[in-house]
Amino acid sequence: MLRFHKLALAACVALIGLQNQVLAEDAVVAKVGDLTITQSELDLAVANLDPQLSQLPEEQKKVAALSGAIDVKLLAGNAVGEGLKDDPEYQRRMAYIADRELHNLYFKKHVVDAVTDDEVKARYEKEIAALPKQEEVRARHILVKTEEEAKDIIKQLDAGKDFVELAKEKSTDPNKSEGGDLGYFTKGRMVPEFEEAAFAMEKGTYSKTPIKTQFGFHVIKVEDKREAAPPTLEEVGPQVRQLVMRDKYLEIIEKAKAEKKVEIVDEALRKGYEDVNKQQEEQPQQ
């Protein structure tokens, strides 16, 4: 996923979350002179607490947020009395905030709310179809400290000793009580030396030489090998929905750019903007 648009998408979703809080039932929780503090304002104050204060228990967070909100209302009232609403800096900030909130409303309507379950399912099926087939192995192991111990265990296996019983008796790994069972795993889950040995073995066989890793010496038995099942829609649904949302967002942005001329006056900024867009066009979508 393109990093720039991924960050933009995440920011939009977060801002919409706060926006939805404003739409909650607006009961008045405090009065400051002629001004009021509503429940939605308090919710926003809680959501924007400093990281340290956000660790407080819920009721203490509300009190801290309310205290800050009262301070804001007091000085905001004074500012209005002094005519600071006409201050150019205030006007610029309010214009930016208004644009941002309109952007978020449009984003929610045409991206978040526009994504259907059918679109998510279709994208999931497309992504799953493009996934390379992966093999997974179910293995057991016996972990010991020395190569001599591992060789002795292999001799006992050659003599017919049961692998599970030997694992329970000899292994130093915490899973010894399960007979050294590691369950199923795909490539990339184990340390390289262990993984290479396990995937090279046939089902039902055990390693004829000790496998050395950073943890010690292993004797491995491969119980099963099969094709790994892809993740289910239920497991990856939120991520897939994000992909669909990203595509909708990019489509809307590109259409808007085509309809409206974007002109950047500053040469350095224009070059940087063009470079970023070029990199995004060249980067394959995921």
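Please treat every number below as a calculation from the coordinates, not as lab data. Every value quoted in this text rests on a predicted model; they were computed, and no experiment measured them. Positions of Cβ are generated from backbone atoms using ideal geometry, with glycine treated the same way; all protein chains shown enter the neighbour counts.
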**OP:** Return the tail of the calculated pair distribution for region 135-227, meaning the percent of Cα-Cα pairs more than 24 Å apart.
**Re:** 9
Subject >> Within straight-line cross-link reach of Lys168, lysines at Cα separation under 25 Å, skipping those fewer than 8 residues along the same chain >> reply: Lys145, Lys151, Lys155, Lys176, Lys203, Lys208, Lys212, Lys221, Lys225
Original post:
Got a sec? Which residues in region 253-277 would a label at Arg92 touch, if it sits 7 Å along Cα→Cβ and we count backbone N under 17 Å?
Top reply: 265-266
Subject >> All-pairs Cα distance distribution in the chain, expressed in whole percent, bin size 10 Å >> reply: 5, 16, 17, 15, 17, 14, 10, 4, 1, 0
**OP:** Apply the membrane-span-like helix rule to the chain: whole DSSP H runs, Cα extent along the own long axis of at least 18 Å, mean Kyte-Doolittle hydropathy at least -1.0. List the helices found.
**Re:** 3-22, 58-81, 88-107, 233-259
**OP:** Work out, step by step, the length gained on full extension between Lys203 and Gln55: first 0.36 nm times the residue separation, then minus their alpha carbon distance; give nm to one decimal.
**Re:** 48.2 nm
Original post:
Which value in deg cm²/dmol, rounded to the nearest 500, describes the helix-derived mean residue ellipticity at 222 nm for the chain, given -39,500 (n - 2.57) per DSSP H run of n ≥ 4 and division by the residue count?
Top reply: -18500 deg cm²/dmol
Original post:
Label Glu165 and Leu233 with points 7 Å out from Cα along Cα→Cβ: what is the distance between them in nm?
Top reply: 5.0
**OP:** Give me the distance in nm between label points sitting 7 Å out from Cα along the Cα-to-Cβ direction at Asp275 and Asn175, one decimal.
**Re:** 4.8
Subject >> Percent breakdown of C-alpha pair distances by 10 Å bin, ordered from the shortest bin, for region 158-286 >> reply: 9, 25, 17, 13, 14, 12, 8, 2, 0
